[in-house]
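This report refers to the structure that appears directly beneath it.
The values are calculated or read from the model by the stated rules, or taken from the named source; none is laboratory data. All of these numbers come straight from a predicted model, not from anything done at the bench. When we count neighbours, we look across all protein chains shown, and the Cβ atoms used for this are built from the backbone with ideal geometry, even at glycine.
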Amino acid sequence: MYRESQPIKLWYFGPMFRYERPQAGRQRQFHQIGVEMFGVQDASADAECILSATEFLNSLGLNDLTVEINSLGCDKCRGEYKEQLKKVIAPFLDKLCDDCKSRFEKNPLRILDCKNETCTKLFEEYDLRNSLSGVTLCDECASHYKSLKEYLNALNIKYVENTFLVRGLDYYTKTVFEIKSNNLGSQNAVCGGGRYDGLVETLGGPKTPAVGWAMGVERLNALIPVRNVNLIDFFIVSNNPIETLKLNANLRRHGFSVDFDYNFRKFAKQLEKAAKTAKYAIILGEDELNNNYYTVKNLETSTQEKMSFDELLNIKK
Ligand SMILES: [Zn+2]
Ligand SMILES: [Zn+2]
């Protein structure tokens, strides 16, 4: 795709497979939705990327979001930070979890991300947060990060800077971000992403800047507010099976969604069911049948009016 005109913007949705041991909320097969943008170095791409995530989450009804951002810099600025980090951690290295012990040489930054209770307690005890300054960014990385913040401000995206945010993967450069949802009381990370300017090259391609994010669909699902199932248009309330079946068929032919009570119980019971499932109840009682009209009750406003069949057809869906 590097031969095509840049940038390349992609999105995907599909099943993913996790190699590690499954645990609660981390299934072996899960689903992920994500975006990737290749070919843009400017922080405007990072900002657009974050915006697309917050807008998408908003559209799902997740409005109480916290966007955390950080810059990990490039290899050049990160090297010093790794050394600083190792110095701070070395005194209590043997007390860290096994994962962190092996991270110490391979990728010490990931230690900051450890969710193991042993480690998080140690970090507090040793006041790790205050002993670390965060990555000291080189001029280029610093100005990239500054632009990102300007763009986010301009887009009215509220963010929190978190110098501890490193994301779990080694390939991130400069921007990393995580979006947390405060739905259902507690904070849950629903989206993670960042910039990975070195990844394409690592995989054998030409030098290609890139930025993107991913969201776990199962986790999103658990947080999305339960919505009313779509209401049908009409619920027929009647004690006359033949007229009900006829009206039901007629309305369906005109494209309406219709239902009725197959047991033809008392009207009060039928109206209860109607109120839960439909926008309008059509009452078809003795008087209506004898005088050839329908009593239509708007179940949202509880207002009622008499209508002919043609008027029924003109009702706003
Ligand atoms: Zn740098
Ligand atoms: Zn650990």
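Yes or no, residue by residue, for (1) more than 16 Å from ligand 2 (Cβ to nearest atom); (2) polar (S, T, N, Q); (3) closer than 27 Å to residue 75 by Cβ:
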| position | (1), (2), (3) |
| --- | --- |
| 135 | yes, no, yes |
| 142 | yes, no, yes |
| 146 | yes, no, yes |
| 156 | yes, yes, no |
| 162 | yes, yes, yes |
| 166 | no, no, yes |
| 180 | yes, no, no |
| 197 | yes, no, yes |
| 204 | yes, no, yes |
Notebook entry, point to check: Do the conditions hold for residue 40, that is, is it in the same structural domain as residue 180 (by TED's automatic domain parsing), assigned to a loop (DSSP other than H, G, I, E, B), of a type outside the set (D, E, K, R) and modelled with pLDDT of 95 or more?
Noted result: yes
Next item on the list: Output yes when any residue across region 58-73 is part of a helix (DSSP H, G or I) and surrounded by 15 or more Cβ atoms within 10 Å (Cβ to Cβ), and no when none is.
Entry: no
Notebook entry, point to check: Is there any pair linking a residue in region 85-102 that is touching a residue at least 12 places away in the same chain (Cβ under 8 Å) to one that is within 16 Å of ligand 1 (Cβ to nearest atom), with Cβ under 8 Å and at least six apart or on different chains, and which?
Noted result: 85/109
Notebook entry, point to check: Counting only residues that are near ligand 2 (Cβ under 8 Å from one of its atoms) and surrounded by 18 or more Cβ atoms within 10 Å (Cβ to Cβ), how many does region 115-133 have?
Noted result: 1
Notebook entry, point to check: What is the number of the single condition among (1) within 16 Å of ligand 1 (Cβ to nearest atom); (2) without any contact (Cβ under 8 Å) to a residue 60 or more places away in the chain; (3) in contact with a helix residue (DSSP H, G or I) (Cβ under 9 Å, 6 or more places away or on another chain) that residue 80 does not meet?
Noted result: (3)
Next item on the list: Go over the candidates 210, 222 one by one and state the one that is among the small types (Gly, Ala, Ser), more than 19 Å from residue 68 (Cβ to Cβ) and out of contact with any strand residue (DSSP E or B) (no Cβ under 6 Å at 6 or more places or on another chain).
Entry: 222
Check: Of the residues that make up region 244-251, is at least one of a type outside the set (S, T, N, Q) and modelled with pLDDT under 95?
Finding: no
Notebook entry, point to check: So which residues in region 158-170 are among the aliphatic types (A, V, I, L, M) and modelled with pLDDT of 95 or more?
Noted result: 160
Notebook entry, point to check: When only residues in region 113-139 that are closer than 21 Å to residue 192 by Cβ, touching a Lys or Arg at 6+ places or on another chain (Cβ under 9 Å) and outside any loop (DSSP other than H, G, I, E, B) count, which is farthest from ligand 1 (Cβ to nearest atom)?
Noted result: 119
Check: Looking at (1) within 17 Å of residue 80 (Cβ to Cβ); (2) assigned to a loop (DSSP other than H, G, I, E, B); (3) modelled with pLDDT of 85 or more, which is the only condition residue 145 fails?
Finding: (2)
Note to self: I'd like the full set of residues that are buried (at least 19 other Cβ atoms within 10 Å of the Cβ), among the β-branched types (Val, Ile, Thr) and in a loop (DSSP other than H, G, I, E, B), limited to region 158-180.
What the structure shows: 166
Next item on the list: Enumerate the pairs (first residue in region 173-194 and within 16 Å of residue 47 (Cβ to Cβ); second residue anywhere and among the aromatic types (Phe, Trp, Tyr) and in a loop (DSSP other than H, G, I, E, B)) with beta-carbon separation below 7 Å, excluding pairs fewer than 6 apart on the same chain, so at least 6 apart or on different chains.
Entry: 194/172
Margin query: Taking the condition of being surrounded by 20 or more Cβ atoms within 10 Å (Cβ to Cβ) and either out of contact with any helix residue (DSSP H, G or I) (no Cβ under 7 Å at 6 or more places or on another chain) or small (Gly, Ala, Ser) (or both), how many residues in region 134-157 meet it?
Written below: 1
Checklist line | Options 77, 100; residue that is crowded, with 19+ Cβ neighbours inside 10 Å, away from ligand 2 (no atom under 16 Å from the Cβ) and assigned to a helix (DSSP H, G or I) | finding: 77
Next item on the list: Quickly run through region 195-226 and pick out the residues that are of a type in the set (Asp, Glu) and either within 15 Å of residue 56 (Cβ to Cβ) or touching a residue at least 40 places away in the same chain (Cβ under 8 Å) (or both).
Entry: 197, 218
